[in-house]
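Read the structure below first, then the notes.
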Amino acid sequence: MTYFDHNATAPVMREARDAWLAATEHVPGNPSSPHQPGLRAGAALREAREKLAHFLGCNAEDIIWTSGATEANNTVIHHFAKALDAQTEIWISAIEHPCVHESAKHYFGKRARLIPVTHDGVADLDWLTAEMADRRPGLVGVMAANNETGVMQPWREIQAICRSYEVPFFMDAVQWLGKMPARELGQCEFVSGAAHKFGGPRGVGFLKIPHKAKIIPLLVGGKQEAGHRAGTENVPIILAMMAALEAREKQMGRGEHVLRGVWRENFEKGFLKDLPGAAIVGRSAPRLWNTVAALMPGGGQWRWLSKLDKAGYAVSTGSACTTGKEEPSHVLAAMHIKPADAHRVLRFSSGWETTENDWDSLAKALLNIQEEFQAP
């Protein structure tokens, strides 16, 4: 099976597996324990924290280890629900991941206001600038790159707008991290990430918080993570995550992501040429090098999905967290894509191990399926 669903989860890479096995054998202690095994675990945890802080460009004490981005994102929304007064709004983009949307709805209800996006799926900076001049939210949340379309958001510009009005900025960097360089992410007040999107293990992530800030914990029952998150830290999977991220950062340092972007662009050119009626969602906006949200010609998405699965290609219809829902994607709806067209969208998301030949093979498979659909 040729795997084109890395935005849902990526296979665990060798460096991460090796790091997990080594830590499981050699770092067995609880990092909160005072004995030698515990002290070794604590030292390993501090080193991992310092390494992540180095990549993000923040202080090590700003990092909180979590079970993943869903917990990290819920922690941010929960904190502001407790810290803000009962009238203050929070603003999140209309294309946020469901864990942000649902958390905001749960804690804030109608006080969770949606930031509109353009037809290409980019957060509307003009809207944000105009609205911010009129009133201040308690928090602005915009993801770094969208999981369904790969469209990269102007987070640096949003951060600058928020800073000029002294409004905290929260960024879900799950799809960005491990695909694009992490440098400067730490300039944002709140940043979340998860290991399994770039070759680390499932069940581990982080939340970066403002320097020397105290947040109201989502999980209570212990003083781990400086009192910000209760629960014994899983040292082996944290070290595995950092081994994966370090390997990906080295690849990006060599410019390997740029070449992979060329492969994606070549695929798109052939796709649009060979399949009349097809389109690329968000094509005019800057996008991640690995993601293609394709509006398929003829036939619904599930028909294409079934044919591709039988042909040996694992692709998706969008976010894995919303698969199975009958209503159209909220991301595509926010981009003003009609429901009938939204039900024609497939997502192809490659990984670091995906080759140029894999993209070429996928293109041929799509053409063959199209010809099969058109056959009398």
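Ordering Gly203, His54, Ala86 by the projection of their Cα atoms onto the charge dipole of the stretch 14-251, which places +1 on the Cβ of Lys and Arg and -1 on the Cβ of Asp and Glu, puts Gly203 at the extreme positive end. Between the helical axis of 36-56 and the dominant principal axis of the chain, each derived from Cα atoms, what acute angle in degrees is found, rounded to the nearest 10? Roughly 50 degrees between the two axes. Measuring against 25 Å, Cα to Cα, the residue pairs Lys82/Lys179; Lys197/Lys250; Lys51/Lys214; Lys82/Lys223 contain Lys82/Lys179 as the ones spanning a longer distance.
Could you point to the label whose value was computed as P(r) over Cα pairs in 20 Å bins from 0, in percent for the structure here, given (1) 24, 45, 26, 6; (2) 31, 62, 7; (3) 29, 55, 16, 0? It is the value labelled (3).
Projecting the Cα atoms of Thr129, Val117, Asn146 onto the charge dipole of the stretch 14-251, computed from C-beta unit charges around the Cα centre, puts Asn146 farthest toward the positive end. The relative contact order of the chain, computed from alpha carbon pairs under 8 Å that lie at least 6 residues apart in sequence, is 23 percent. Listed by chain and number, the aspartates and glutamates whose alpha-carbon sits under 19 Å from that of Lys105, ignoring those within fewer than 8 places in the same chain, are Glu71, Asp85, Glu89, Glu96, Asp172, Glu327. When the chain is treated as a GNM with alpha-carbon contacts under 10 Å, the residue of Pro236, Pro37, Pro201 showing the greatest mean-square fluctuation is Pro37.
Can you sort Tyr165, Tyr3 by how many other beta carbons sit within 10 Å, fewest first? Can you show the working numbers first?
Values: Tyr165 13, Tyr3 19.
Lowest count first: Tyr165, Tyr3.
Comparing Pro210, Pro168, Pro34 in a Gaussian network model of the chain, where Cα atoms under 10 Å apart are tied by springs, the biggest mean-square fluctuation is seen for Pro34.
Please state the charge dipole magnitude for the stretch 1-137, taken about the Cα centre, from unit charges on C-beta atoms (+1 on K and R, -1 on D and E), reported in debye and rounded to the nearest 20.
Details: 13 positive and 18 negative charges, 84 e Å.
Using Cβ point charges on Lys, Arg, Asp and Glu, the stretch 1-137 gives about 400 debye.
Fewest neighbouring Cβ atoms within 10 Å first, the residues Leu128, Leu288 line up as Leu128, Leu288. Pairs of Lys residues in the stretch 262-376 are counted when their Cα atoms are under 18 angstrom apart and they lie 8 or more places apart or on different chains; the count is 5. The charge dipole of the chain, taken about the Cα centre with unit charges on the Cβ atoms of Lys, Arg (+1) and Asp, Glu (-1), comes to about 360 debye, rounded to the nearest 20. Our note on the geometry: Cα centres of the stretch 70-108 and the stretch 164-214, 16 Å apart. Which FRET efficiency value, to the nearest 0.05, is calculated for Glu246 and Glu166 with the Förster distance at 45 angstrom and r the Cβ-Cβ distance? About 0.85, to the nearest 0.05. Modelled spin-label separation between Lys273 and Ala226, with each label point placed 7 Å from Cα along the Cα-to-Cβ direction: 5.4 nm. Taking the C-alpha atoms only, the angle from helix 301-311 to the longest principal axis of the chain is near 90 degrees.
Taking the Cβ of each residue in Leu207, Leu245, Leu308 as the centre, tally the other Cβ atoms inside 10 Å and list the residues starting with the fewest.
Working: Leu207 27, Leu245 24, Leu308 20.
The order, fewest Cβ neighbours first, is Leu308, Leu245, Leu207.
Every number here is computed from the coordinates shown, using simple stated rules; none is lab data. What you are looking at is a predicted structure, and each value in this text was computed from that prediction instead of being measured. As a convention, Cβ positions derive from the backbone with ideal geometry for all residues, glycine included, and neighbour counts pool all protein chains shown.
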